[in-house]
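Working notes for the structure below.
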Amino acid sequence: MKRLSLLSATAVLISTGAFAQSTVVTTTGTGHAAAVQIEPEYRTRIKSYVTEQRVRPVTTKQKIIVGAAVPGDVELESVPADWGPSLTKYRYVYSGDRVMLVDPGSRMVVQEID
């Protein structure tokens, strides 16, 4: 019985480690953590979308970075459905050859797509 419990605990630890590697956790400037999971295939799709659709980058006085609020005069774009179901609740900004995922409620950047 102890052996079965030990094997079960080991399996849980191994699977938890694998999950942590595929999940990106970012912390916003307010100290709230937002877990944004983006599979590699969706990262490729996002980069292709920006190139194919010729998305025009926005220019701002300050660099847009993870954890900072996007200025109010910058228009947030809707995330296309083919970027993945977990991302449709966000908006995005294309700035400085980078796609930044933004929480539309707080306008905080939660993830940079590289």
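Applying the selection to the stretch 76-114, what residues are assigned to a loop (DSSP other than H, G, I, E, B), on the phi < 0 side of the Ramachandran plot and not small (G, A, S)? Scanning the stretch 76-114 gives L76, V79, P80, P85, L87, T88, K89, Y90, P104, D114.
In a strand (DSSP E or B) and at pLDDT below 90 - does that describe any residue in the stretch 57-75? No, the stretch 57-75 contains no residue that is in a strand (DSSP E or B) and at pLDDT below 90.
So that you can scan it fast, the table gives a plain yes or no per residue for (1) surrounded by fewer than 14 Cβ atoms within 10 Å (Cβ to Cβ); (2) farther than 16 Å from Y42 by Cβ:
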residue	(1), (2)
Q53	yes, no
T59	yes, yes
V79	no, no
G84	no, no
I113	no, no
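Residues that are surrounded by 20 or more Cβ atoms within 10 Å (Cβ to Cβ) and farther than 16 Å from Y49 by Cα within the stretch 91-104 comprise V102, D103, listed in sequence order.
Might you let me know whether the stretch 83-92 holds any residue that is touching a strand residue (DSSP E or B) at 6+ places or on another chain (Cβ under 9 Å), closer than 13 Å to I38 by Cα and at pLDDT 95 or above? Yes: one or more hits.
The values are calculated or read from the model by the stated rules, or taken from the named source; none is laboratory data. If you're wondering where the values come from, they're calculated on a predicted model, not measured in any experiment. For neighbour counting, all protein chains shown are included, and Cβ atoms are generated from backbone atoms with ideal geometry for every residue, glycine included.
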